Amino acid sequence: HSPRLDVAAFAFDEGVIVGGVLYADDARFLALEAKRLPAPTNDREREYLIGKRGGVERFKRGYHAGRLKVVGIIAYLQRDTFVKWQMTINCWVDELIATSCREFPWDARDKLDLEEETPRIARFQSSTLRVSDRRRLSMRHLWVQLASDKKGPAR
C-alpha cells in the first residue's frame, strides 16, 4: 500500500550525468514502479495503468518522480506472452481514451510500443501527459517473462 516508488536511484555528492543532465547531492535520477501481470487479485486487474496502486497513473498524477522526464515500469509476467499483455494493456488504454476527461487525459501516446524483445525480456516505450505540470513524460517499460510455458508461473 506504499505511496513510495518501488525502485529509485540517487546521485552521489559528485554527481552523475544521465541524458545530458547532471544529478548531484542526492538528487533522484531513476524512478521505477514494479507490477505483476496478471495483478494478484481481480480487483487490481488494471493496476499496471490505473487505481490506487496504478503504475502509470502515479507518474501521470506526479505522485512519483515529479521532476524527472523519463521514468520506468518493470513488469513481471507470471502468465501469458508479451504480445498478449501488450494487446490487453493497449485495449485498456483505448477504453481510458474513450472516457478521458480534460483534467486527467489519456491519448494514443499512452499505448505501449514494442522496441525490443527476446524470449525472456521485452522493452516498450510510451509517453504520457503528467497532469501536475502538463508536460510529456517518457515512459520505459521493461517486462520480464517468468512463466516457463507462458501460460502459468515458472517452476
Projected convex hull area of the range 99-148, Cα atoms, direction-averaged, in nm², equals 4.5
The set of residues whose placed amide H lies less than 5 Å from the amide H of Leu37, leaving out same-chain residues fewer than 5 positions away, is Tyr76, Leu77, Gln78
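Only the coordinates and a few stated rules stand behind these numbers; no lab work does. The shown structure was predicted, so the numbers you read here are calculated from the model rather than taken from an experiment.
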